[in-house]
Amino acid sequence: MPVSEAVLDPEVKAPLVARPELLGVKPSLIGLTREQMAEALKEKGVPEKQVRMRVSQLWHWLYIRGVSDFDAMTNVAKDMRQMLKEHFTIARPEVVEEQISSDGTRKWLLRFPPRGAGRPVEVETVYIPEEGRGTLCISSQVGCSLTCSFCHTGTQRLVRNLTAEEILAQLLLARDRLGDFPDRDVPQGAMIPSSDRKVTNIVMMGMGEPLYNFEAVKTALLIATDGDGLSLSKRRVTLSTSGVVPEIYRTGEEIGVMLAISLHAVRDELRDMLVPINKKYPLKELIEACRAYPGLSNARRITFEYVMLKDVNDSLEDAKELVKLLKGVPAKINLIPFNPWPGTNYQCSDWATIEKFADFINQAGYASPIRTPRGRDILAACGQLKSESERMRKTERLAFEAMMIAGHGEDD
């Protein structure tokens, strides 16, 4: 996740991208823009005068009705459906494993076909239900290109970028499994929010650094927020980055969703160690990009994530420097008790220390909620998503990705 960052070698900056045509896999219509979908249909012989209407039909079935089978498209002619089945797919990824926490958090391990990477790849997606919202945490890469020293996800090497289709497929599958499309049933015994939609908010905080896969993430999020389809408000979509400064500017201009920064340190020398991308884009440049983010106000704040590491970044002096660093930036500061994982040398700050830190920031005028662990019994917590994770006993699989995920984006 964006809690995992490093300065990248040139070959790591350009990971493999899924290429269905390389292995004869049918291309998916999911994740195509309307223009791309129109071109794909024209290439298969759909008459020019029908293309716009056909795209509108498909868009409705894919993103409003949520179908994953062309035969379910009842107002599409039978010969058209046959052509679509022969040349395209709209299938969901394989669910390798679904885990449900005692607190209602759900985690899916999803497998995608062996496209450009030459073999199947797996990612994790996490859903956190709360009283008035349901937040879905989506992955953008297989593994992670970054090596934040405290992050479990960062110990899994980068395999490849996900495509726009694969990013969107996580949202579609979650809505399937939660009964969040028309005429779908909510799973028996599922904990769901008290709202019309089960997935009300999404966060790009899963595996990978979203801004190192900018184009695919941009396409997926623009489709997710399209008013004639999935129709999520951009104020309910949060993209989290460890600080890829040039793409922060592009995110504000080209996507326009809410922004979260994995900060974790207030001095360059410490952040260089915790979040190594800081060596390339130091704090001064990062905060300048945040100040310039479009539309900032007290109602539209940047969220700064700050994991609490015992005797590392949790002193009162750190809290004072944090307030000074963010002066003038409309901000919320999420304090995240460190989530232990096998092999880490870090410890979580003492609770009294975390509360003292939070009190100082609150008194300085910043909201600083302390995130409550969620999904710890299914290894679904902050910094612990890892599709090839060690298979520990369930009682040991304590994680808190959900602690970071919860509470992002607007409620209305």
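The values are calculated or read from the model by the stated rules, or taken from the named source; none is laboratory data. These numbers come from a predicted model, not from an experiment. So basically every Cβ, Gly included, is an ideal-geometry build from the backbone, and we count neighbours across all protein chains shown. Ligands, DNA and RNA are excluded from the accessible area calculation, which covers all protein heavy atoms including side chains. Shrake-Rupley method; radii C 1.70, N 1.55, O 1.52, S 1.80 Å.
Given the peptides 184-192, 101-109, arrange them by the average over their residues of other C-beta atoms within 10 Å, most packed first.
Values: 184-192: 12.7, 101-109: 20.6.
Answer by packing, highest mean first, reads 101-109, 184-192.
For a label point 7 angstrom out from the Cα of ASP350 toward its Cβ, which stretches of the stretch 304-334 have the backbone nitrogen within less than 18 Å?
So the set is 308-319.
Please list ILE287, ILE370 from largest to smallest accessible area, probe radius 1.4 Å, with all protein chains kept in place.
Working: ILE287 10, ILE370 50 Å².
Greatest to least solvent exposure: ILE370, ILE287.
If packing is taken as the average number of other Cβ atoms within 10 Å across a peptide's residues, how do 41-52, 218-229 rank, most packed first?
By packing density, highest mean first, the sequence is 218-229, 41-52.
Cα gyration tensor of the stretch 74-141, axes a ≥ b ≥ c as square roots of the eigenvalues: rounded (a/c below 1.5), prolate (a/b > b/c) or oblate?
Values: a/c = 3.19, a/b = 1.58, b/c = 2.01.
It comes out oblate by the Cα gyration axes.
What percent does the relative contact order of the stretch 172-225 come to when contacts are Cα pairs within less than 8 Å and at least six residues apart?
After rounding, I find 22 percent.
Decide, for the stretch 271-335, between rounded, prolate and oblate: order the square roots of the alpha carbon gyration tensor eigenvalues as a ≥ b ≥ c, take rounded if a/c falls under 1.5, and otherwise choose prolate if a/b is larger than b/c, else oblate.
On the way: a/c = 2.10, a/b = 1.35, b/c = 1.55.
Oblate is the answer for the stretch 271-335, as a/c is 1.5 or above yet b/c matches or exceeds a/b.
Give the cross-link partners of LYS198 among the lysines, using a straight C-alpha distance below 19 Å as the criterion and excluding same-chain residues fewer than 8 apart.
LYS107, LYS234
If you put +1 on each Lys and Arg Cβ and -1 on each Asp and Glu Cβ, how big is the dipole of the stretch 249-305 around its Cα centre, in Debye rounded to 20? Mind dumping the intermediate values first?
Numbers: 9 positive and 8 negative charges, 19 e Å.
Roughly 80 debye, rounded to the nearest 20.
Placing unit charges on C-beta atoms (Lys and Arg positive, Asp and Glu negative, everything else neutral), compute the dipole magnitude of the stretch 21-129 about its Cα centre in debye, rounded to 20. Provide the component values of the computation, followed by the final result.
Values: 17 positive and 15 negative charges, 76 e Å.
With Lys and Arg at +1 and Asp and Glu at -1, about 360 debye.
Could you give the distance between the Cα centres of the stretch 291-363 and the stretch 226-276, to the whole Å?
Their Cα centres are 16 Å away from one another.
Classify the stretch 153-221: rounded, prolate or oblate, from the alpha-carbon gyration tensor (a ≥ b ≥ c, eigenvalue square roots; a/c under 1.5 rounded; otherwise prolate if a/b is larger than b/c)?
Working: a/c = 2.55, a/b = 2.04, b/c = 1.25.
Prolate, because a/c is 1.5 or more and a/b exceeds b/c.
So what are the ³J(HN,Hα) numbers for the stretch 165-173, from phi and the Karplus equation (6.51, -1.76, 1.60; θ = phi - 60°), rounded to whole Hz, Gly and Pro as x?
These are the phi-based 3J(HN,Hα) values: 4, 5, 5, 5, 4, 5, 5, 5, 5 Hz.
Suppose a student asked you for the relative contact order of the stretch 184-337, using Cα pairs under 8 Å spaced at least 6 residues apart; what percent would you report?
Across the stretch 184-337, relative contact order equals 19 percent.
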